[in-house]
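The values are calculated or read from the model by the stated rules, or taken from the named source; none is laboratory data. Fair warning: this is a prediction, and the values are worked out from it, not measured in the lab. We place every Cβ from the backbone using ideal geometry, glycine too, and count neighbours over all the protein chains shown. Note: areas computed on protein heavy atoms with side chains; ligands, DNA, RNA excluded. Shrake-Rupley method; radii C 1.70, N 1.55, O 1.52, S 1.80 Å.
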Amino acid sequence: MQATALRFGDRALFTPPVIVTNAELETAVADQLAEIGVEMDALILEPTPRGTAPAAAIAALMLANNDADAVVAILPSDHAISDDLAFTAAMKTAAKAAKAGALATFGIPPSAPETGYGYIRQGRAHSEIDDCFHLDAFVEKPDRETATRYLAAGDYLWNSGMFVFSARSYLRELERLEPAILDACRSALPGGVRRGGTIDLDRQSFEAFPTHSIDRAVMERTSAAVVIPVDLGWSDIGAWAAVWEIGEKDGLANVVFGEVALANVEKCLIYNESSSCLEVTGVVSLVVVSTAAAVFIAERARSADVGALVTYLGAESADLPVADASVQVSGGIQIVRIGCQDVQVVTTPETVRVSGGKGDSVARD
């Protein structure tokens, strides 16, 4: 989130950010931005998550109070971008498209047949804006065979989930396609409670419609969508494997957070946010996460499958929707595995020990 906010630090190009987030994150958001000296234009608190379509509508409505044609950039805070110069150049192109009435998104040239991202099919070139293309189709997350075909075709891009449009254009299309969402947002914003620069949206109004994304509510259905292909060094940090991909690696390609002790560990993400020391020995290409409530161990390539296990946490279950997965409870701590059934886990109040088959000598890190 801090990196996202700093990316908009040039006040010659960008105004201070409007943050839309869940009410439970109010303190965390304020603390994170204060830590880096970024002042918000406003902090808007959702009483319950309702997806990106209403969040964008709330931001657009607020900005439209001062300028109906304000150019709005919608950016998730959990994305990593390594090439800020390419990002700024793409943002200027997107602003041109937005001022011309288009709803723009960034498409990331795929480097692999990734099944964890949605895809965009790039259409014909825009007649008036360089490096901008009409958007032919959005495609949901494909299977491996389909993703491989997309990669070979050359006209498919990863859907970045970032959008740029004028407040007027987005609100116009939302009113045409999902008027109930816009009506609810028009009530939730003025009906909310204002505390300085913070706005608590009206719960009754905001909860009056189902969750909806910008993609499905508007972008997949509008004729005004365009895509700007750009290589940003981008990653959607939606899985533990992505944290390993972008993390700073040690000499054995491990990415480590928190108090840990490693021995004979290679190509792993080791993440400890508990008060206990995490000792890991003899494993390769795993994700090992330790919290006060649970220990999660997975083959790194399969770590995103944990999402399918969420509803099964809290009790042991023998009927899980993920192959070769297990959920156990030991001493009040949940042990969640995806694969890795031969990896041993021992927990004590002071230490969590995770050991595989490559050796058991511990070297403090």
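Look at where the Cα atoms of the range 99-147 and of the range 187-244 average out, and the two centres are 18 Å apart.
For the range 1-68, take the alpha-carbon Rg, divide it by the Kirkwood Rh, and send me Rg/Rh.
Numbers: Rg = 12.3 Å, Rh = 12.8 Å.
Reported Rg/Rh (Cα atoms, Kirkwood Rh): 0.96.
Of the solvent-accessible surface of the range 66-225, computed with a 1.4 Å probe over protein heavy atoms with every protein chain present, carbon and sulfur atoms account for 46 percent. Electrostatic tally near Ile44: other residues with Cβ closer than 11 Å to its Cβ, Lys and Arg +1, Asp and Glu -1, net -3.
Convex hull over the alpha-carbon atoms of the range 135-267: what's its volume per residue in Å³?
Values: hull volume 28.4 nm³, N = 133.
Cα-based convex hull of the range 135-267, divided per residue, equals 214 Å³.
Among 4-17, 41-54, the peptide with the highest mean count of other Cβ atoms within 10 Å heads the list, and the full ranking is 41-54, 4-17.
As an exercise, find the ratio Rg/Rh for the range 190-240 from alpha-carbon atoms, using the Kirkwood inverse-distance average for Rh. Before the final figure, lay out the partial values.
Values: Rg = 17.2 Å, Rh = 15.2 Å.
Ratio of gyration radius to Kirkwood radius for the range 190-240: 1.13.
So if the hydrodynamic radius of the range 49-195 is defined as the Kirkwood radius over C-alpha pairs, what does Stokes-Einstein give as its diffusion coefficient at 20 °C and 1.002 mPa s, in µm² per second? The calculation lands on 128 µm²/s. Once neighbouring chains are kept in place and the probe is 1.4 Å, which whole percent of the accessible area of the range 247-316 is contributed by carbon and sulfur? Exposed carbon and sulfur together represent 51 percent of the surface.
Once the cut-off is 27 Å, how many percent of the Cα-Cα pairs in the range 228-365 end up in the long-distance tail? Numbers along the way, then the final one.
Numbers: 1706 of 9453 pairs.
That fraction is 18 percent.
Computing Rg/Rh (Cα atoms, Kirkwood Rh) for the structure here picks out one of (1) 1.00; (2) 1.05; (3) 0.97, namely (1). The Cβ shell under 15 Å around Glu178 holds other residues with a net charge of +1, Lys and Arg each +1, Asp and Glu each -1. Taking Lys and Arg as +1 and Asp and Glu as -1, the other residues whose beta-carbon sits under 13 Å from that of Glu26 total -3. Helices assigned as whole DSSP H runs in the chain whose Cα atoms extend at least 18 Å along their own long axis and whose mean Kyte-Doolittle hydropathy is -0.5 or higher are found at 84-99.
Please give the calculated 222 nm ellipticity per residue for the chain, where each DSSP H segment of at least 4 residues contributes -39500 (n - 2.57) and the sum is spread over every residue; nearest 500 deg cm²/dmol?
On the way: 9 runs with 86 residues, N = 365.
Calculated from helices alone, the mean residue ellipticity at 222 nm is -7000 deg cm²/dmol.
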